[in-house]
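Quick notes on the structure that follows.
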Amino acid sequence: MKTITLGNIGNNVPIIVIGCMRMTELDEKQAEQFVAEALEMGANYFDHADIYGRGICEQMFAKAIHMTPSVREKIFIQDKCGIVIGKKYDLSKDYILKCVDESLKRLNTDYLDMFLLHRPDALMEPEEIAEAFDILETSGRVRNFGVSNMRPSQIELLKKYVRQPLKVNQLQLSIMNASMVTNGMNANMSGQLALDRDGDVLNYCRLNDITIQAWSPFQSEQGVFLKNKNFPKLNTKIIEIAEKYQVSDTTIALAWIMRIPAKVQPVIGSMNIQRVKDCINAAKIRLTRDEWYQIYLAAGYMLP
Ligand SMILES: NC(=O)c1ccc[n+]([C@@H]2O[C@H](COP(=O)([O-])OP(=O)(O)OC[C@H]3O[C@@H](n4cnc5c(N)ncnc54)[C@H](OP(=O)(O)O)[C@@H]3O)[C@@H](O)[C@H]2O)c1
């Protein structure tokens with residue numbers, strides 16, 4: 001498994017992260033087998049959030065992996081909090097501390113390797129977040145910190161108070177959800193693609209050594225875009241390139257994301273071990289410039 005250095009300091013971790021949001025689709029036995037096979041392939045970085053399955057995904061995972069101190073040492077656990085489903089966002093100090101403790105209990109561990117703020121909370125006070133991070137770090141409950149779905153200015157605001165480096169920004173990114181890529185290429189133009197909705201987050205993260213984790217790498221607004229009849233040109237192009245490399249369409253779709261020179265780390269959600277294998281294979285392929293642009297154009301984007 002190819003590795004990546006998170007935020008350019010410390011932690012050498014797998015380039016592919018296993019997202020655990022959909023773990024409740026498996027029964028206990030299947031989850032045990034899935035986790036064991038993922039580990040065998042070197043996929044030992046797992047992404048959680050307190051809300052996945054309303055806490056059940058964390059519990060299922062701990063059971064499936066047979067969490068013991070020796071197992072714990074061999075894996076990298078990332079967790080998030082801040083979303084109170086259907087009610088509010090909450091990044092207050094007390095809420096963060098409470099959530100981390102509850103997640104640790106469900107995961108049957110004493111520490112998280114990485115903790116992310118799940119979404120910006122309009123009422124967040126960066127001073128309070130800084131206090132929470134200090135408590136979590138000094139007590140040994142969290143080893144590394146990051147954010148998710150945040151713009152550069154929100155990260156800058158946090159950085160004014162937070163001492164720890166923010167090593168990760170987890171963002172939605174797929175061929176069909178690529179505004180952080182398209183707006184850069186349409187700079188200075190008048191069309192929709194020129195709209196910068198993210199504050200040029202792609203270049204900001206590169207400049208500041210923040211690893212971009214791509215969540216939902218196979219999703220579009222109309223579900224998974226692969227083998228989806230709503231995206232005929234895109235699928236024809238992906239299959240043509242997949243045949244050339246003798247790999248699956250899944251591999252090529254992920255290789256497209258990984259060719260973006262920001263060292264993007266995909267967070268995949270598949271609970272199908274063959275697809276996980278296909279995703280890991282993507283790290284072995286470097287698409288040519290022509291192939292990358294052919295896929296870009298087949299997705300319906302225009303070059304200005
Ligand atoms: N930070 C955030 O706000 C945020 C938001 C959402 C998700 N996440 C994280 O990101 C992870 C991934 O999200 P996601 O599950 O939406 O991502 P995804 O990898 O784009 O989607 C996976 C889903 O697509 C299905 N699928 C169907 N055909 C596929 C194909 N050819 N290749 C790959 N998948 C295919 C999978 O089914 P099979 O299981 O049958 O393969 C699975 O249900 C989550 O687990 C979570 O950890 C973070």
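Laboratory data are not the source of any read-out in this text; all were calculated from the coordinates shown. These figures come from a predicted structure and were not determined experimentally. A quick note on method: Cβ atoms are made from the backbone with ideal geometry, for glycine too, and the neighbour counts reach across all protein chains shown.
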Review point. How far is helix 232-245 tilted, in degrees, relative to the longest principal axis of the Cα atoms in the chain, given as a value from 0 to 90 rounded to the nearest 10?
Key: 90 degrees
Practice item. Pull out the extension gain between L195 and I135, defined as 0.36 nm times the separation in residues minus the alpha carbon to alpha carbon distance; nm, one decimal. Key: 17.7 nm
Revision key, fill the gap. One would report the antiparallel percent of DSSP beta bridges in the chain, rounded to the nearest 5, as 25 percent
Study note, to complete from the structure: Expected sort for 179-191, 6-18, 248-260 on mean C-beta neighbours within 10 Å, highest first, is 248-260, 6-18, 179-191
**Study point:** Shape of segment 18-167, Cα gyration tensor, a/c cut at 1.5
**Key:** prolate
Point to revise | Prolate/oblate/rounded call for segment 201-304, Cα gyration tensor, a/c under 1.5 rounded | key: rounded
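Would you please classify the overall shape of the chain from the alpha carbon gyration tensor, given that a ≥ b ≥ c denote the square roots of the eigenvalues, rounded means a/c under 1.5, and beyond that prolate means a/b larger than b/c while oblate covers the rest?
Details: a/c = 1.88, a/b = 1.25, b/c = 1.50.
Judged from the Cα gyration tensor, the chain comes out oblate (a/c at least 1.5, b/c at or above a/b).
For an R0 of 30 angstrom, estimate the FRET efficiency from the Cβ-Cβ distance between M302 and E73 and round to the nearest 0.05.
Working: r = 50 Å, r/R0 = 1.66.
Once rounded, the FRET efficiency stands at 0.05.
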Check your understanding: Relative to the first principal axis of the alpha-carbon coordinates of the chain, what is the inclination of helix 28-40, with its axis defined by its Cα atoms, in degrees from 0 to 90 and to the nearest 10?
Key -> 70 degrees
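Given +1 on the Cβ of Lys and Arg, -1 on the Cβ of Asp and Glu, and no further charges, what dipole in debye does the chain carry about its Cα centre, rounded to the nearest 20?
Numbers: 36 positive and 36 negative charges, 136 e Å.
Dipole of the chain, to the nearest 20 debye: 660 debye.
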Review point. What FRET efficiency do you get for R163 and V84 if R0 is 22 Å and r is their Cβ-Cβ distance, rounded to the nearest 0.05?
Key: 0.25
**Study point:** Residue (of I96, Q219, W256) at the positive-pole extreme of the chain, dipole from beta-carbon charges
**Key:** W256
Review point. Which residue fluctuates the most in the chain, going by a Gaussian network model with Cα springs under 10 Å, if the choices are A132, A194, A38?
Key: A194
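In the structure displayed, which of K80/K167; K63/K105; K93/K159; K244/K284; K233/K277; K233/K263 lie more than 18 Å apart, Cα to Cα? Walk me through the numbers before you get to the answer.
Numbers: K80/K167 14 Å; K63/K105 12 Å; K93/K159 16 Å; K244/K284 14 Å; K233/K277 25 Å; K233/K263 27 Å.
Too far apart for the 18 Å limit: K233/K277; K233/K263.
For segment 219-304, give the magnitude of the charge dipole about the Cα centre (Cβ charges: +1 Lys/Arg, -1 Asp/Glu; no others), in debye to the nearest 20.
Values: 12 positive and 7 negative charges, 32 e Å.
The dipole magnitude comes to about 160 debye.
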**Study point:** Extension reserve of the D94-Q222 stretch, reckoned as 0.36 nm per residue once the Cα distance is removed
**Key:** 42.3 nm
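In which sequence would M176, M114 go, from the one with the fewest C-beta neighbours within 10 Å to the one with the most?
Details: M176 21, M114 26.
Least crowded to most crowded, the residues run M176, M114.
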